[in-house]
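Just so it is clear, none of the values below were taken in a lab; they were calculated from the coordinates. These figures come from a predicted structure and were not determined experimentally. Note that each Cβ is placed from the backbone with ideal geometry, even for glycine, and that neighbours are counted across all protein chains shown.
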Amino acid sequence: MKIGVIAIQGDVSEHVEALERAIEQRGEQAELVTIKHKGIVPECDALVLPGGESTTLGKLLIREGIADEIRDMNTAGKPIMGTCAGLILLATAGDEQVAKTHQHLLGLMDTKVNRNAFGRQRDSFEIELELPFLDTPYNAVFIRAPGIVESGNDVTVLARIDDMVVAAEQGNILALAFHPELTLDTRVHQYFLDKLF
Amino acid sequence: MELEKLRHGTELIKRGFAKMQKGGVIMDVVNPEQAKIAEEAGAVAVMALQAVPADIRKEGGVARMADPQIVADIIAAVTIPVMGKARIGHFVEAEILEALGVDMVDESEVLTPADNSYHIDKTEFTVPFVCGARNLGEALRRINEGAAMIRTKGEAGTGDVSEAVKHMKQILGEIRMLKGMTKEELIAVARDIEAPIELVMETAEMQRIPVVNFAAGGVATPADAALMMRMGADGVFVGSGIFKSENPELMAKAIVEAVNNYDNPKVLAEVSKGIGAGMKGISVGSIPDEDILQNRGW
C-alpha cells in the first residue's frame, strides 16, 4: 500500500507522522510518500490533502499539474482525506471569498464551503467534538477553519458546529474542517485508514 | 453547540497556525495593492507594515507599528492571513494589532524597541507571535515567553542573505550538539545559553526547536529563498526583496516557486530567468555597528 500526502505547503510532516503512528498501531505496513510534483499521485492507493493556505495550495496544485491527477484518483474510487484547506479544495463551490481570489477548487465533493467560517486566527478554537464513528468525543483543533454550508444528497454529514458542517463524507472522500494531525489521538486517521485496509 | 466550550488561544492553536504556514513565503507589504500582488503570487501570508526594512533603514528615526488604518485596509483586501509588526516589549501595539484582527504579531527588532529589558509576555495574548532569533538561546527564551514561531533575524533591509545563513546554521548546529548529551550536560547547556532546561531537553529529544522555524532578513532572490530552505528552514519571510525589486509581480511569483522547488536546481534556473533585477541592497559588512538591527533583542 502506498499513501500519498500532498506536500506543496502546510503541515505535511504532522500528517505523515500521524499516519505512521496509526499504521503501526494497526500492525499494517504501508509506504508514505510526500508529493510536490506530478507523476506520483497515480501510484498511490490513498491520498491526504493537508492543512495550509488553500489559496496557495490551489494555485500550486494547478501550476504543478497535480490537480488532474487527484481528479483521476477520485474517479478510481481511492480514499482521499482533506483537512481544513483540504476540505476547501475538495469542494465544488465556495463563498464570495473564494470567488474574490479566483480560487482553484478540485470540485470532487458536492459541497459549498465558507472559508474562515469561524473567523480569523483569534477566533480559532479547540472543542470536544462528537463523531458518529467514535465512542468518546475527539479533541478537534480548528484553525481559521472553513465550514460546509450546503451539501448534496450524496454527502453524509458527520458533525456540525451550530449550522456549519465540520466533518462529512461522500463515498471515498472524507473532509474535515479541523486538524486531526495536530494531536496524538489517531482515531480519525484510523477511520480514514479503515477505507484502505 | 455550547459556545462556552470552545477553547481559544491555546498553545496548540497558536503553534498549529504557524505550522499551516510551513513551506510557504510570507511577504512584507505596505498597502492593499501590494498585499493583493503577494496573494496572487501565492504567498501564504502577508506582513503589514508602514515601510519595508530597506526604507526604515534609509529613513532612520523611530520605526513603529503601522498605521491601524493601513493594517485594516490590508486585512480587508486579502483572504490569506495578515501579520503585523509590533516593537519589542510594546505590548500595547501588540494589543492594538490583535484588536484589528491580525492573525499573528511579529515582535520585531526591525522596529525600534520600546523596552530595553523585557520582551512582551506573549502568553497573555490570544493571537500567536513570531519572534526573531540569532541562536538557540534566543529562540528558546522567546518560545518560553510564548512565541509560536521563530525566524532568523538576518539583517533586514540589506538584501544580503549572509546573516540569515549564519543564524540558521548557528541554531541548527547548536541543536545537533545536544544530541546524545546526558541530562546533567543539558542542564549545563541550559545555564550557558540562558534557556529553560525543559525546552533544552525537548529540543534535544526532538532534534529541532519545538515550534516552526522560518528564515528572514536579507532574502532577495529565488536562489536566496531556496538556499534557506535547503539549510532546513520551514519557510521564508521576504521583506524588501520583493517590492524593492525591478518587477515585484515576477519576483514574488518566482520566490514562491523557488521555495516549492528548492531542491531542484533545474527548476530554480527556470524560475529565476527574466524576472528583472533584485533589490540593490547593501552588504552587511559596510554597515556601521550602531545601524545593525539584529542586535536589538537579547
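Peptide A:149-161 has a mean shielding of 0, counted as Cβ atoms of other protein chains within 10 Å of each residue's Cβ.
Structure remark: mean-square fluctuation, Gaussian network model of chain B, C-alpha springs under 10 Å; the largest value among B:ALA66, B:ALA188, B:ALA233 belongs to B:ALA188.
Taking amide H positions as modeled 1.01 Å from N, with prolines and chain starts lacking one, the residues under 5 Å from A:VAL165 and 5 or more places away or on another chain are A:ILE148.
Calculated FRET efficiency, B:GLU124 to A:ALA76, Cβ-Cβ distance, R0 = 60 Å: about 0.75 to the nearest 0.05.
For the range B:43-124, the antiparallel share of DSSP beta bridges with both residues in that region comes to about 0%. Counting only other chains, and only Cβ atoms inside 10 Å, what mean value do you get across the residues of B:43-54? The mean count of partner-chain Cβ atoms within 10 Å per residue comes to 1.
The B:ASP55 and B:SER162 beta-carbon pair, evaluated with R₀ = 22 Å, returns a calculated FRET efficiency of approximately 0.55.
Couplings 3J(HN,Hα) of the range A:160-174, computed from phi: 10, 10, 6, 9, 9, 7, 10, 8, 7, 9, 9, x, 7, 9, 10 Hz, in residue order, whole Hz [Karplus 6.51 cos²θ - 1.76 cosθ + 1.60, θ = phi - 60°; x for Gly and Pro]. Across the range B:44-51, computed HN-Hα scalar couplings (Karplus, 6.51 cos²θ - 1.76 cosθ + 1.60, θ = phi - 60°) run 7, 6, 10, 10, 7, 8, 5, 8 Hz from first to last residue, x flagging Gly and Pro. Between A:VAL5 and A:VAL33, A:THR34, A:ILE35, A:VAL48, the built amide H atoms are under 5 Å apart, and every one of these is 5 or more places off in sequence or on another chain.
Let me know the longest stretch in chain B that avoids all GluC sites (Glu not before Pro) found in a DSSP loop with at most 11 other C-beta atoms within 10 Å. With GluC sites (Glu not before Pro) excluded where exposed in loops, chain B gives B:3-193 as its longest stretch. If you take the square roots of the eigenvalues of the alpha-carbon gyration tensor of the range B:234-298 and sort them as a ≥ b ≥ c, do you get rounded (a/c under 1.5), prolate (a/b over b/c) or oblate? Verdict is prolate for the range B:234-298. 3J(HN,Hα) along the range A:2-11, derived from phi through the Karplus expression 6.51 cos²θ - 1.76 cosθ + 1.60 where θ = phi - 60°, amounts to 10, 10, x, 10, 4, 10, 6, 5, x, 8 Hz, with x in place of Gly and Pro.
If you take each beta carbon of peptide A:179-186 and count the beta carbons of other chains within 10 angstrom, what is the mean?
The per-residue average across the peptide is 2.
For the Cα trace of the range B:1-42, dividing Rg by the Kirkwood Rh returns an Rg/Rh value of 1.19.
Taken along the Cα-to-beta-carbon direction at a fixed 7 Å, the label points for A:LEU134 and A:VAL157 span 2.0 nm. Name the shape class, rounded, prolate or oblate, that the alpha-carbon gyration tensor gives for chain B, where a ≥ b ≥ c are the square roots of its eigenvalues, rounded holds for a/c under 1.5, and otherwise prolate holds if a/b is larger than b/c and oblate otherwise. Because its axes are fairly even, with a/c under 1.5, chain B counts as rounded.
Remark: relative contact order (chain A) = 20 percent; criterion is Cα-Cα distance under 8 angstrom and separation of 6 or more residues. Once you order the gyration tensor axes a ≥ b ≥ c over the Cα atoms, which shape class does the protein assembly as shown get: rounded for a/c under 1.5, otherwise prolate or oblate by comparing a/b with b/c? Since a/c reaches 1.5 and a/b is larger than b/c, the shape of the protein assembly as shown is classed as prolate. Here's how it looks for B:PHE214: its modeled amide H is under 5 Å from those of B:ILE150, B:ARG151, B:THR152, B:ASP234, which are all 5 or more places away or on a different chain.
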